[in-house]
Amino acid sequence: MTPSVVVFDIGGVLVEWQPHLAWSDAFDTHEDVIAFMERVDFSARNLRGDNGEKFADMALELDDPEDQKRLAAYVPNYAKTVEGAVAGTWDVLDDLKAKGVPVHAITNWSAETWPEGLKSHPRLGEVFGTLVVSGEEGVIKPDPKIFQMLCARAGVTPADCVFIDDSPKNVDGAKAAGWDAIHFTGADALRAALEQRGLL
């Protein structure tokens with residue numbers, strides 16, 4: 001069955017995410033920022049944020065009071081990390097909408113940082129028919145529950161959907177949930193993949 005609905009990931013597909021920029025003013029060098037992020041295991045804590053935890057609570061787990069303050073400052077400084085748009089993908093999205101293709105989104109994104117991200121890209125709050133933000137739900141990709149949640153809210157079946165994500169793990173998760181899926185590597189390749197499916 002050919003998919004009739006397109007579901008986007010956001011970070012790395014529509015919006016560039018550069019978390020180190022949250023601390024660009026807090027350290028003298030880029031190397032110092034990276035050392036801090038490694039020291040506090042930012043990747044793991046960010047994933048916990050995507051799953052619904054609060055950064056202020058996670059900051060209290062750190063031993064160093066200065067590191068606590070820095071991690072807690074991630075949320076108010078978040079808009080700096082997502083100022084850029086991924087080249088070309090918004091044009092693909094707009095072309096889909098112009099053709100009448102329903103467009104939805106599932107994003108692994110903290111409930112705390114999502115409103116901050118909207119300050120940089122307000123259109124993210126308006127362009128999708130159904131939007132599932134993991135941090136608001138307490139479930140993250142590639143858990144099959146988040147794909148089921150989108151289907152239930154959008155009134156579609158897995159066979160209706162093609163999912164676009166820059167993470168191979170999440171692409172595999174969508175396929176395991178019965179969806180078609182495209183690994184995002186750039187707007188041109190995405191357009192070609194959607195054209196092959198008759199969606200563009």
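The values are calculated or read from the model by the stated rules, or taken from the named source; none is laboratory data. What you see is a predicted model, and the numbers here were worked out from it, not measured in a lab. Because the Cβ atoms are built from the backbone with ideal geometry, glycine has one as well, and the counts that use them run over all protein chains shown. In case anyone asks, the SASA skips ligands and DNA or RNA and just uses the protein heavy atoms, side chains included. Shrake-Rupley method; radii C 1.70, N 1.55, O 1.52, S 1.80 Å.
Quick notes
- A single member of Gly155, Gly186, Gly138 is surrounded by fewer than 19 Cβ atoms within 10 Å (Cβ to Cβ), farther than 21 Å from Asp50 by Cα and within 16 Å of the chain's Cα centre (by Cα), and it is Gly186.
- Selection status of Asp94, touching a residue at least 24 places away in the same chain (Cβ under 8 Å) and of a type outside the set (S, T, N, Q): no
- Filtered residue count, segment 85-103, keeping only those that are crowded, with 19+ Cβ neighbours inside 10 Å and either out of contact with any helix residue (DSSP H, G or I) (no Cβ under 9 Å at 6 or more places or on another chain) or among the small types (Gly, Ala, Ser) (or both): 1
- Residue list for segment 168-183, restricted to those being open to solvent by 30 Å² or more (accessible area, probe 1.4 Å) and on the phi < 0 side of the Ramachandran plot: Pro168, Lys169, Asp172, Lys175, Ala176, Asp180, His183
- Taking segment 104-123 as the range and being under 12 Å from the mean Cα position of the chain (by Cα), within 24 Å of Cys151 (Cβ to Cβ) and crowded, with 19+ Cβ neighbours inside 10 Å as the test, the residues that pass are Ala105, Ile106, Thr107, Asn108, Trp109, Ser110, Trp114.
- Only one of Tyr74, Tyr78 that is among the aromatic types (Phe, Trp, Tyr) and in contact with an Asp or Glu (Cβ under 7 Å, 6 or more places away or on another chain): Tyr78
- The criterion of being modelled with pLDDT of 95 or more and loosely packed, with under 15 Cβ neighbours inside 10 Å does not hold for Glu53.
- Checked against (1) closer than 26 Å to Ala44 by Cβ; (2) in contact with a helix residue (DSSP H, G or I) (Cβ under 8 Å, 6 or more places away or on another chain), Thr157 meets all criteria but (1).
- Looking across segment 56-81, just one residue is open to solvent by less than 40 Å² (accessible area, probe 1.4 Å) and at pLDDT below 95, and that is Ala79.
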